[in-house]
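Engineer: Quick one: structure below, then a few questions.
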Amino acid sequence: MNDTPKPEKIRCDACPVMCYIAEGKIGACDRYANHDGLLVRLDPLTIIERTDQKLVPFMKDAPDDWDGDIVKGARPFVTAVGAGTTYPDYKPAPFIVSQDVDGVDMVTVVTEGIFSYCGVKVKIDTDRHIGHERDVVRVDGEPVGHVMTSEYGSKMLSLGGVEHLTGGSKKEGRVTCDALLRLCNREPVTVQIGEPEHVIEVTIEAGKAPIINGTEEKLMRVGCGSAAIGMFAKQWLDHADDVVVVDDHITGVLSEHEAGKQLDVPATGIKIKGRRSTPGRYFQVAEPGTGWGGTDIDDPLTILGPFNAKVAQEGMRLLMVSTTGEQAAYYELDAELTPQPKAMPAPLQASAELIAENCEPSICSVLFMGGAGGSLRAGVTENPVRLTRSVKESLTHVSCGGANAYVWPGGGITVMVDVLDMPTGSFGYVPTPALVAPIEFTLRVSDYDTLGGHMEQVQPVDQMPKETLRRVAPNPQEHDPMAQANYRWSKGAGT
Ligand code: SF4
C-alpha cells in the first residue's frame, strides 16, 4: 500500500472550465499552472516601452535582460497580454495601473477577455478566384466561416463567430477556435473553400502572401481593368492600336474607353464577349478562376469575338494584359482579321512591367473582432454600461495589446484590431471554446472614479511586480493609447 500523499490539486477559476490542476501541472488551456500549490499565470505580463530595443522574444528561453526600472526612459504602457482574466465576473480587472502622463493622472485597466463572441476578418490581396461569395470555408472538414463581399483587389473571409464556436458540433467549435487562435497568433492556417466539386485551398498567414492551390500569390492588382486603361493609356499610344486589360470584374478596352476617346484613339472594330456596362468597360467576360485577371482563362483571345470588318484592318496591333501585368500578349491582325501572336515590342513590354511595378505585394491581413461582454466590463466598473458610454464619449480609449482598436458604432463595445499591431503571442484560448484576447481601457483617473471604477485596486505603475514582466517595443504604427489626442477632453470638447 502506498502511503505517499497525493499532491493537492488546486482549482483554477479563470474560466468556466474550472480545471483541477495538480502540483507541477498546467491547466487545459496551457495558460495557468500549479506551482507549489499556487495558481500562476504562465505567460508574463507584457509592457510596451519606447526604447530602441527590439522586440523581446515571447516565452523563449532567453531571460529578460531588463534591469527592472519600468519608468526609466519613456513611460511604459501596461498591456493585458499575460494579465489574466476577471472570470467569474465579480472580480476587478487583474491590473489597474495609474501613472502621470504629461501632467494628467491616467489609469489603464487591463484584462485578458474570454471572447465567445469573436472571429477574424481576413483580407487576401489577390485577383484570383478563391470562392464565391457565401461559399463555406472549412478547416479539417469543419465549417469555420464563409467568403464575404470582395473588396478592391482583395478577397474577404469572415471566420469564427459564436455560431461556429458554439452553434455546431463539439468538433466544429474546437477546430474553429484552434484556427482562430493560430491566425491571431500569426501562424499559417490552410482552409478549403467551396464544395467538393470546386474546392480551392488557401493558406493564410497574417502579413504573408496567400498560397492559393499551392501557388504563392505575388502581386495585388494595380486597379480594375477600366482603371488600368485610364492609368496607362498614354504609355500605349503609338505602340498599339488597341489594348484590352483582362479582369474578372471590369475588363477595359482602350479604343472604346473614355480615356481612349479623349486621347483620340480610333475605333478598331474589336468585339468583347461579356456584358457591356459603359463604353470600354465589360463585365463577366469569363468565369472567375486563377487565370488572367482573376478569370478562368489562360488564352486571352477566348474573350474576343470576330473583329468588325468594316472598321478593323490587317496589321492592327493589339496588346492584351492582365490587371497585375503578370500576363501580357501581343497580336497583329492577319488578312482575315484574326489576331496572330507576335513578339512583344519593347515599349509594350515595358508598359506591362510598369503595371506590375505599380502593384503592391499581395499579403493576408487578419483582423481580430470581438465584443467586450459583461465579464470584461464588470472588471472595469461596477456599473458596466457606464464604461460603454465612456468609450462612446471618447473619455475611455480602447486598445488591444497596446494596438489601436477600432470601436464599432452602435451598442456595446465591439472592437476590431490588426493582429500584426499586437505583441506576438497575444492570444490564448479556453476549451469552452473561446479565444482569450488582451484588452485595455485607458482614461483619466478622475473619469474612472466618476464611472464607478474599482478605485481601491488602482496601483501606481512603479509598484508593478517587476520580476515577471516582458518588455516589448511599440509596434510599427507607434500607437500610444495614453496620447492625449485620443481623448475628447484634449480637444476642449468638454471635461
Ligand atoms: S482552461 Fe485554463 S483558464 Fe480555464 S480553468 Fe482551466 S486552466 Fe483555468
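Engineer: Would you check which residues across the stretch 116-140 are touching a residue at least 40 places away in the same chain (Cβ under 8 Å) and part of a loop (DSSP other than H, G, I, E, B) and list them?
Structural biologist: 116, 117, 126, 127, 128, 129, 130, 131, 132, 135
Engineer: Residues 84, 145, 113, 153: which one is farther than 27 Å from residue 12 by Cβ and at pLDDT below 95?
Structural biologist: Only one candidate qualifies: 153.
Engineer: Further question: For the structure I just gave you, tell me whether residue 157 is within 16 Å of the chain's Cα centre (by Cα), of a type outside the set (D, E, K, R), more than 10 Å from residue 139 (Cβ to Cβ) and assigned to a helix (DSSP H, G or I).
Structural biologist: Taking the combined requirement at face value, the residue does not satisfy it.
Engineer: OK, next. Of the conditions (1) under 25 Å from the mean Cα position of the chain (by Cα); (2) assigned by TED's automatic domain parsing to the domain that holds residue 324; (3) part of a strand (DSSP E or B), residue 202 satisfies every one except a single condition; which number is it?
Structural biologist: Against the list (1) under 25 Å from the mean Cα position of the chain (by Cα); (2) assigned by TED's automatic domain parsing to the domain that holds residue 324; (3) part of a strand (DSSP E or B), residue 202 comes up short only on (2).
Engineer: Would you check if residue 85 is of a type in the set (Val, Ile, Thr) and within 16 Å of the ligand (Cβ to nearest atom)?
Structural biologist: yes
Engineer: Any chance you could count how many residues in the stretch 184-217 are modelled with pLDDT under 95 and touching a Pro at 6+ places or on another chain (Cβ under 7 Å)?
Structural biologist: So the count comes out to 1.
Yes/no matrix, rows are residues, columns are (1) under 25 Å from residue 336 (Cβ atoms); (2) of a type in the set (Gly, Ala, Ser); (3) part of a loop (DSSP other than H, G, I, E, B); (4) under 31 Å from the mean Cα position of the chain (by Cα):
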| residue | (1), (2), (3), (4) |
| --- | --- |
| 245 | no, no, no, yes |
| 249 | no, no, yes, yes |
| 252 | no, yes, no, yes |
| 256 | yes, no, yes, no |
| 264 | no, no, yes, no |
| 269 | yes, yes, yes, no |
| 277 | no, yes, no, no |
| 290 | no, no, yes, yes |
| 297 | yes, no, yes, yes |
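Engineer: Let me confirm something: among 395, 420, 451, which residue is in contact with a Lys or Arg (Cβ under 9 Å, 6 or more places away or on another chain), in contact (Cβ under 8 Å) with a residue 12 or more places away in the chain and within 30 Å of residue 224 (Cβ to Cβ)?
Structural biologist: 420
Engineer: Additional query: Residue 24 passes all but one of (1) within 15 Å of the ligand (Cβ to nearest atom); (2) at pLDDT 85 or above; (3) in the same structural domain as residue 459 (by TED's automatic domain parsing); which number fails?
Structural biologist: The number of the failed condition is (3).
The values are calculated or read from the model by the stated rules, or taken from the named source; none is laboratory data. Computed from a predicted structure; not experimentally measured. Note: ideal-geometry Cβ built from the backbone for every residue, glycine included; neighbour counts use all protein chains shown.
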